[in-house]
Amino acid sequence: MSSFISIFMLLLPTVVLGMVPRAAPIFAAALGENIDQSAGTLNLGVEGMMLLGTIIGFVIDFKTGDFVLAFIVAGLASALLALLHGIATISFKVDQVTSGTAIWFIGWGLSGFIYSSLFGKASSPPAVKTIPTLYIPHLTDIPYIGKLLFGQDPVVYALFITFLVAQYFLFHTKAGLNLRTVGEDPLVAEIMGVNPDLYRYFALIFGGFMAGVGGAYITLSLVGSFYFDMTAGMGFIAVALVYFGKWNPLRVLIGSLVFGAVYVLYLALETYFPTTPYQFFSMFPYIATLILIILVGARAHAPAALALPYIKEG
Amino acid sequence: MNIRKPIQIIFFIILALLISSLLLLIDHVSPIAGIAELISGGFLTHYGLVATINDTIPLLIVAVAIIIPFIAKFWNIGGQGQYIFGSIFATWIGLELAGSLPGALLITAAIIFAFIGGALWAMPPTLMKIYFGTNEIITTLMMNFIAVYFLDYMTIGPMEGSIAKITHVPSSAPIPSPDLLPHIGGVSTGIFMALAIAVIIFILLRYTNFGYELKLIGSSIDAARYAGASLRRDLLLSMVLSGGIAGIAGMIQVFGITTVLLPQVFSDITTSFGYVGIPVALVASLNPLITIISAFFFSGVLNGAYAMEISFGIPIDLVITIYGLMMFFAVIGVMINLGRIFRRSGAK
Amino acid sequence: MMKGIVKRFPGVLAVDHVDFELYPKEIHALLGENGAGKTTLMNVLYGVYRADEGQILINGKQVRIRNAVDAQSNGIGMVHQHFSLIPVFTVKENLSIGLRDGGFRLNLNQIKLKIEEAEEKYGIEIDIDKKVQQLSVGEQQRVEILKLLFRGASTLILDEPTSSLTPQEVVNLFKSLRALQSEGKTIVIITHKLYEALDIADRVTVLRKGKVVFKAIKEGLTPQALTEAMIGRSVELSNYKMEKVSSRNSLIVEGLSVMGDRNEEMVIGASLEVHAGEILGIAGVSGNGQKELIESIFGLRASKGGRILINGHDITKYGVKGRIKAGLGYIPEERKTRGAAISLSLSLNSVMHDHWGQPYLTRGAFNYKAIRKFAREIISSFKVAAKDESVPARDLSGGNLQKFIVGREMMRNSSFLMSVNPTSGLDVGATEYVRNEIVSYRNKGGGVLLVSEDLDELLALSDRIVVMYRGKTSKPVERKDFDKLKIGAMMLGEGFNS
């Protein structure tokens, strides 16, 4: 037992420093999904949107070397998928689970297809330079928290700002209240002069963009190259995190950081326990998701109109 | 039955294929040539047709398996994990009992074990739903990933075959040939089991109280409770059946096609029958008999995509997108009223 | 103000060339039976529906009202029967939805001040920091009115505002409506209760089958004239034939306690007894435990104390299925989510309470021939307008679906029937039909437990009435002692020890 504790203490700095970048892609997708679900649309296609983001981000960065452009195009590509989901679920009232699954497949297939079409099945995969860390002078030198808070890459900062904006938007602006109204009861929203379809489209497109950014972050910041199905369920974990976060971005952020820590922890533990089959460590994030989702259970109040199409009468 | 809907769905699926074919332009392949190759490679050549029928087997079984809880709107996305656990359990008992039992008995034992394996793997999400109200889409999916890693561990670890130890290509030892499912003209006899399962589940859903209660639950949980349905029992039973049948698909694949237990890669669509079963079932409007057709069609598209890969170098991953698009358009085809749109534009 | 309005729904001419005038600062009653087109007409004025023909004029100028926002910017506001409120939001949040002025930021403190100003001006008192789900129906109604005033409405339309209020609350509502009138507001009350119209209105317009049949100012109006105008003939509304059937069979509830959804005790030691051949009415303001009581008797909600007996047989431990088999039937208020599985065919819906045995389940297999036959019998015996038994239940109109459900529950061999608001939202024909069927079920020796928010309905149909207040039941009131005001007072807690 004491050896476990000592290993834990040993790992603590690694985990704390490493969890932020590991949390970033999940959080990006989860933040988008949070906004989606607050407006009443369940987007299960987020896994496919992230996957599309991984490849589009990679291709653009590989061809142009401009990582900012890469992130934006990746986001837009996934937003396009989200638009498809919107057309099906908002305009055609298709069941959201079915449409989401279809979108997942479309993005999943496209990621592998585009990669293989452009790069073939090369034995040594092409790589891009991962995006640079933005050290903020002096502040990074603050002991313990300096590197954690000020030693991240620019996308992490951008994400944090997006989080602040989203949190403020959802709970402190009129449009945010309107969006949550759409998620609770689209008919009431309509009577009060709020166009439910418009808000749902907006939320979906934002959610798609964020999923694309999250996907691109995996290739461009964490790995530097592309491999097949590299999100490995992160999109679905993001959906789970929204439930865990009870539709509050702040709680979603906390959940994402816990997940970042889980990822770092299992990678680190693998090296400490070389005799234990690595597969058991690889199961960590999925088992953690199961535990997390049990902890939340069904007790939270979900947006009342979540996953229900809005069908007007008359 | 209304004939309009099926025609519309077929129309939209063809539309999806046409749209997919435009993606071939990325690889500088003519969409028309690509579609032609897809059709002939999947359905017309002898080799392609045999492969298509063989792939129909696991696809059909898994799709029928997930239909059962889907009817009750319990979204079991975990077909893949249940399929994997069925194959692990079946392979294990097959290797354990090899030589000590006659082939037919051993195959029966393998089927039973596959059923148990798949059903067991379906239980955690089901019980979590019953006792904690968790979202089954997420839990069943997580179980898939855990199953993939567990399979990986088994094929490299405890169940690693002696040949694999030398070649370092992970797999189990092979099932001895007397215990395998026989083939007729290259087609695995598993096809008869698959068809039988489809028919049995069709009857089960249409003629039993259990099937009726699933339909009630799918329509409205409150109405089902009002009608005296026992939700927990129905949910549990539907998932035992679903997981178990998906497990049988895993067994039939090992005993009929691969002969060894192989690890899986997440992204490899050619082994992801558990995932492909979802669009297969949904496009068939959750009808087990129509699923026979849609499983055959999806399987043909897969083998047609192989042919495109060989002839034109089109990456096989395209087929996943085609599946997605077919599902996407098929469900829009269900919702839309084409007749009305045509009439309206005609009237102007 | 409204000229030649026509609104058609598939197969129905809901509003037929209606002219409707409204003068400033009047209280105008729009009277008519259920289904006469009153709500539809006002929904056109409020922009919920668009008229197929006709025009709307305000102060002589034609205006286009395409949605509720257009209506609101013309000073028109409407309170629907189902409130347009988000239960999990606070009152002030509800009042802030869709606000356009004052920038991007949601400044609840500033809004709060403004709301309080409005509250003071119109004499409405509500704790605006509370969540709507914590408020009573009467309070929620005041929130709705406040919301419209807050948006600058000068004309208020209230759709059946008294339907779920106690007589005392009605008095208060009318008092505040008069106060609003003296503040210069114009008010339209949609109602089917003619005494209410006579009580509050300055002028009355009566609609029947989508047409205006009568317009008058209040002076000199008689109830008889209005009744004739509404129904087209003079009839007595409560002419249900009541025959006493003597029987010792009964449904007994003893000291039942039930928890609600929010983990609070909603039914507290309730006791009642329904005899075969009688209708026992349960009166009460909604939310006083009626829902939980009925659900618990049917086995949909666990009880935490007490007993339920059918003909002396204890069914407390039974599940829903066991209770149905013991002879219990139930016509729920929620037709489309509970009483029927709307995506399934009428055939499949016809056996919701018979799907476990002969003749519909023979040797473990569904006998579709027998099931279809039963569905056809319900359709023909209960005059359900449906193409055939294979159409999905969602294709039926509300009234027809209700007839189908009533038919299903009555054609089974049940001995006791529970019914909750059986006529809510039905048109006059369907209402009368359903009420007559309930009475004839009783006359054939069945026992009925009737829960209704419509006190008039209870007074017309019941042999005895029990009042529920805060989860407790009163002693039954015999028919000869029925007194609307007295029962109204009981609904507000008189005679209950707190």
Helix C:368-381 versus the longest principal axis of chain C: what angle, 0 to 90°, nearest 10, using Cα atoms? 50 degrees
Would you kindly derive the ³J(HN,Hα) couplings of the stretch C:121-136 from the backbone phi angles with the Karplus curve 6.51 cos²θ - 1.76 cosθ + 1.60 (θ = phi - 60°), listing them in order in whole Hz, with x for Gly and Pro? 4, 9, x, 10, 10, 9, 7, 7, 8, 6, 6, 4, 5, 8, 9, 6
Order these peptides, B:310-323, C:118-131, C:65-78, by their mean beta-carbon neighbour count within 10 angstrom, highest first. B:310-323, C:65-78, C:118-131
Can you list residues from other chains, or at least 5 along the same chain, whose modelled amide H is less than 5 Å from the amide H of residue C:420? C:331, C:333, C:451
Can you give the extra length, in nm with one decimal, that the chain gains between residue C:219 and residue C:53 once fully stretched, where that is 0.36 nm per residue apart less the Cα-Cα distance? 56.5 nm
Decide, for the stretch C:250-491, between rounded, prolate and oblate: order the square roots of the alpha carbon gyration tensor eigenvalues as a ≥ b ≥ c, take rounded if a/c falls under 1.5, and otherwise choose prolate if a/b is larger than b/c, else oblate. prolate
Net lengthening on full extension, residue C:481/residue C:125 (0.36 nm per residue, minus Cα-Cα): 124.6 nm
Relative contact order for chain A, counting Cα pairs under 8 Å that sit 6 or more residues apart, in percent: 37 percent
With charges set only on the Cβ (+1 for Lys and Arg, -1 for Asp and Glu), what does the dipole of the protein assembly as shown come to about its Cα centre, in debye to the nearest 20? 2120 debye
Which residue, chosen from B:251, B:220, B:188, occupies the Cα position most advanced towards the positive end of the dipole of the stretch B:4-347, where the dipole is computed from +1 (Lys, Arg) and -1 (Asp, Glu) charges on Cβ about the Cα centre? B:220
With the dipole of the protein assembly as shown worked out from charges on the C-beta (+1 for Lys and Arg, -1 for Asp and Glu) around the Cα centre, which of C:213, A:38, C:471 lies farthest toward the positive end? C:213
When you look at the Cβ of every residue in C:483-492, what mean number of other chain Cβ atoms sits within 10 Å? 0
What relative contact order, as a whole-number percentage, does the stretch B:1-155 give when Cα pairs under 8 Å and 6 or more residues apart are counted? 20 percent
The rounded separation in angstrom of the Cα centers of the stretch B:66-109 and the stretch C:27-89 is 61 Å
Out of A:188, A:15, A:73, a Gaussian network model of chain A with alpha-carbon springs under 10 Å gives the largest mean-square fluctuation to A:188
Which is farthest toward the positive dipole end of chain C among C:362, C:491, C:328, measuring Cα position about the Cα centre, with Cβ charges +1 (Lys, Arg) and -1 (Asp, Glu)? C:362
Taking the inverse of the average 1/r across all pairs of different Cα atoms in the stretch B:4-347, what Kirkwood radius in Å do you get? 20.9 Å
Only helices at least 24 Å long along their own axis, judged from Cα atoms, and with Kyte-Doolittle mean hydropathy of 0.5 or greater: name those in chain B from DSSP H. B:4-22, B:46-71, B:79-97, B:103-132, B:136-156, B:190-207, B:231-253, B:288-312, B:318-335
Asserting the computed 222 nm helical MRE of the protein assembly as shown (DSSP H runs at least 4 long, -39500 (n - 2.57) per run, divided by residue count, to nearest 500) equals -17500 deg cm²/dmol
What does the charge add up to near residue C:433, with Lys and Arg as +1, Asp and Glu as -1, over the other residues with Cβ less than 9 Å from its Cβ? +1
Once you average over the residues of A:282-290, how many Cβ atoms of partner chains fall within 10 Å of each Cβ? 6
Could you work out the relative contact order of the stretch C:1-136? I mean the mean sequence separation of Cα pairs under 8 Å and 6+ apart, divided by the number of residues, in percent. 20 percent
So which DSSP H runs in chain A come out at 24 Å plus along the axis (Cα) with average Kyte-Doolittle of at least 0.5? A:2-38, A:46-64, A:67-86, A:96-119, A:154-172, A:196-217, A:249-272
Between residue C:73 and residue C:254, what is 0.36 nm times their sequence separation minus the Cα-Cα distance? Round to one decimal in nm. 59.6 nm
Förster-model FRET efficiency, 30 Å R0, residue C:377 and residue B:5, C-beta, rounded to 0.05: 0.55
Just to verify a number: FRET efficiency for residue C:492 and residue B:22, C-beta to C-beta distance, R0 = 60 Å, to 0.05? 0.30
Only bridges whose two residues both fall in the stretch C:410-498 count here: according to DSSP, what percent of them are antiparallel, nearest 5? 45 percent
So what's the net charge close to residue C:405: Lys and Arg +1, Asp and Glu -1, counting the other residues with Cβ under 14 Å from its Cβ? +2
Can you tell me what share of the DSSP beta bridges in the protein assembly as shown is antiparallel? A percent to the nearest 5 is fine. 55 percent
Which order, highest average first, do B:243-252, A:302-311, C:348-357 follow once you tally other Cβ atoms within 10 Å for each residue and take the mean per peptide? B:243-252, C:348-357, A:302-311
Placing +1 at every Lys and Arg Cβ and -1 at every Asp and Glu Cβ, with all other atoms neutral, what dipole size does the stretch B:4-347 have around its Cα centre, in debye to the nearest 20? 1340 debye
In vacuo Debye sum over C-alpha of the stretch C:2-231, base-10 log of normalised intensity I(q)/I(0) at q = 0.10, 0.14, 0.15 Å⁻¹, listed in q order, is -0.46, -0.90, -1.03
Within the stretch B:248-281, list the residues whose amide N lies under 20 Å from a label point set 7 Å along Cα→Cβ of residue B:97. B:248-261
For the stretch C:106-119, 3J(HN,Hα) per residue [Karplus equation, 6.51 cos²θ - 1.76 cosθ + 1.60, θ = phi - 60°, Hz, x = Gly/Pro]: 9, 9, 5, 5, 5, 4, 4, 4, 5, 5, 5, 4, 5, 4
Give me a single rounded figure for B:124-135: the average over its residues of other chain Cβ atoms within 10 Å of their Cβ. 4
Which value results for Rg/Rh of chain C when Rg is the Cα radius of gyration and Rh the Kirkwood radius based on the inverse mean 1/r? 0.98
Highest-MSF residue in chain B out of B:279, B:31, B:158 [GNM, Cα springs under 10 Å]: B:158
Toy charge model, Lys and Arg Cβ at +1, Asp and Glu Cβ at -1: chain A dipole around Cα centroid in debye, rounded to 20, equals 200 debye
Would you mind finding the longest exposed-site-free stretch of chain A, with exposed trypsin sites (Lys or Arg not before Pro) meaning DSSP loop and at most 12 other Cβ atoms within 10 Å? A:130-298
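A short reminder: the numbers here are calculations on the coordinates, not readings from a lab. Remember, it's a predicted structure, so these values are computed and weren't measured experimentally. Cβ coordinates were reconstructed from backbone atoms using ideal geometry, including for glycine residues, and neighbour counts include every protein chain displayed.
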